[in-house]
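Trainee: What follows is a structure written as structure tokens; I'll ask about it next.
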Amino acid sequence: MDTLNEQRRIVELELQQAQYEATLAERRYAACDPDNRLIAAQLEKNWEAALRRVQACQTRLETAGAPMADTRAPDFAKLAEDLHAAWNAPGVTMRMRQQLVRALIVDIVADVDEAAREVILTIHWQGGQHSQLRVRKPRSGEHGCCTSDEALAVIRSMATRWSDQDIAASLNRMGMRTGQGKTWTAHRVSSIRRVRDIHAYKSAEKDGEWLTMSDAAKQLGVTSHVIRRLIKDRILPAEQVTFDAPWHIRASDLHSEAVASALARTHRPCRIKSEGQIPMFIEDSEGGAQ
């Protein structure tokens, strides 16, 4: 008899808690702006779930005083001990796992702790036991498909010197993809920077110390192909944040003697003579070619 009274007392406490949560859910739903349909729909679902829990507790309370018979609640102690083996057993489908969870869990109540930025999950197990789980609340725009560390490193390195469009083009040349496996665009780079709090490129901060290949070509009055050739021949120093990233050229290096000499030879045929070279035509004493 003492056991029955104790069980009835536990169910009564659960009913009180369920009624409080249902009242709280109702107040939240009533205070929500009806025009915000997404939030209103979610609050309505939470309210309905709380009411179902109240109904379940009332049903359990009505049967709590009944004499125990052979139809006792199943004992899940042994199942809990072998839960890992049952979950990972060969041939177990996701449908079976869902049925297993439903057999062990009565319901789950979710709440949000805005101060700690955590989602609080209260799990009500079969048998009356409760447990609480806290998980980090994702920030706005954050999802399970995360950008790779290599791509983030490139974005951080290039963000202060290059625009989002340049960064996207570089990432695509390197064969890197977004967390969802898509190619990069300026909009996607901008979204990642906002989520990861990466400082953006600002054209007003460009003081002229570093130039792109196009800027260097304009200053020297040549094409970008000429600049690329000077860089390849190690005549014009240049830097890359990472392989396949755009070249960055220091403005002062454009006026070096090596660059000026190379540009002076650009539009002239090569006249370099090597020792021992035999001329193709031999001039005679009268000035004619033989």
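Trainee: What about Val101, is it in the same structural domain as Ala56 (by TED's automatic domain parsing), under 30 Å from Leu15 (Cα atoms) and touching a residue at least 12 places away in the same chain (Cβ under 8 Å)?
Mentor: Values: in the same structural domain as Ala56 (by TED's automatic domain parsing): yes; under 30 Å from Leu15 (Cα atoms): yes; touching a residue at least 12 places away in the same chain (Cβ under 8 Å): no.
The answer is no for Val101.
Trainee: So, one more: If I ask for residues that are more than 27 Å from His187 (Cα to Cα) and modelled with pLDDT of 85 or more, which ones from the range 197-223 would you list?
Mentor: Listed by number, the residues that qualify are Ala216, Ala217, Lys218, Gln219, Leu220, Gly221, Val222, Thr223.
Trainee: Inspect all residues belonging to the range 139-151 and state whether any of them is surrounded by 14 or more Cβ atoms within 10 Å (Cβ to Cβ) and closer than 27 Å to Asp215 by Cα.
Mentor: yes
Trainee: Can I ask one more? Scan the range 40-60 and tell me whether some residue there is loosely packed, with under 10 Cβ neighbours inside 10 Å and either modelled with pLDDT of 80 or more or part of a helix (DSSP H, G or I) (or both).
Mentor: Taking the range 40-60 as the starting set, the residues that turn out to be loosely packed, with under 10 Cβ neighbours inside 10 Å are none.
The answer is no, given that none of the residues of the range 40-60 is loosely packed, with under 10 Cβ neighbours inside 10 Å and either modelled with pLDDT of 80 or more or part of a helix (DSSP H, G or I) (or both).
Trainee: Scan the range 158-174 and tell me whether some residue there is in contact with a helix residue (DSSP H, G or I) (Cβ under 9 Å, 6 or more places away or on another chain), of a type in the set (Val, Ile, Thr) and surrounded by 14 or more Cβ atoms within 10 Å (Cβ to Cβ).
Mentor: Yes: one or more hits.
Trainee: Right, next: Which condition number does Asp33 fail, the rest of (1) out of contact with any Lys or Arg (no Cβ under 7 Å at 6 or more places or on another chain); (2) closer than 12 Å to Gly128 by Cβ being met?
Mentor: Answer for Asp33: the failing condition is (2).
Trainee: Being in a loop (DSSP other than H, G, I, E, B) and among the polar types (S, T, N, Q) is the filter here, so list the residues in the range 234-262 that pass it.
Mentor: Of everything in the range 234-262, those that are in a loop (DSSP other than H, G, I, E, B) and among the polar types (S, T, N, Q) turn out to be Thr242, Ser256.
Trainee: Show me the strands (runs of 3 or more DSSP E) entirely contained within the range 101-187 in which 2 or more residues are in contact with a Phe, Trp or Tyr (Cβ under 7 Å, 6 or more places away or on another chain). Even if it seems obvious, please write down each step before you answer.
Mentor: Working: elements: 105-113, 118-125, 130-136.
Qualifying strands (runs of 3 or more DSSP E): 105-113.
Trainee: Restricting attention to the range 1-39, which residues are more than 19 Å from Ala110 (Cα to Cα), in a helix (DSSP H, G or I) and of a type in the set (A, V, I, L, M)? Don't jump to the end; show me each part of the working.
Mentor: Of all residues in the range 1-39, those more than 19 Å from Ala110 (Cα to Cα) come to 1-13, 33-37.
Adding the requirement that they be in a helix (DSSP H, G or I) leaves 2-13, 37.
Once the filter is applied, which keeps residues that are more than 19 Å from Ala110 (Cα to Cα), in a helix (DSSP H, G or I) and of a type in the set (A, V, I, L, M), the range 1-39 yields Leu4, Ile10, Val11, Leu13.
Trainee: Something else about it: From the residues in the range 253-290 that are among the small types (Gly, Ala, Ser) and exposed (fewer than 10 other Cβ atoms within 10 Å of the Cβ), which one is modelled with the lowest pLDDT? Full working, then the answer.
Mentor: Let us first name the residues in the range 253-290 that are among the small types (Gly, Ala, Ser), namely 256, 258, 260-262, 264, 274, 276, 285, 287-289.
Pick out the ones that are also exposed (fewer than 10 other Cβ atoms within 10 Å of the Cβ) and you get 264, 274, 276, 285, 287-289.
Values: Ala264: 85, Ser274: 51, Gly276: 59, Ser285: 53, Gly287: 52, Gly288: 52, Ala289: 48.
Filtering the range 253-290 for residues that are among the small types (Gly, Ala, Ser) and exposed (fewer than 10 other Cβ atoms within 10 Å of the Cβ), the one modelled with the lowest pLDDT comes out as Ala289.
The values are calculated or read from the model by the stated rules, or taken from the named source; none is laboratory data. Everything numeric in this text was worked out from a predicted model, so none of it was measured. Positions of Cβ are generated from backbone atoms using ideal geometry, with glycine treated the same way; all protein chains shown enter the neighbour counts.
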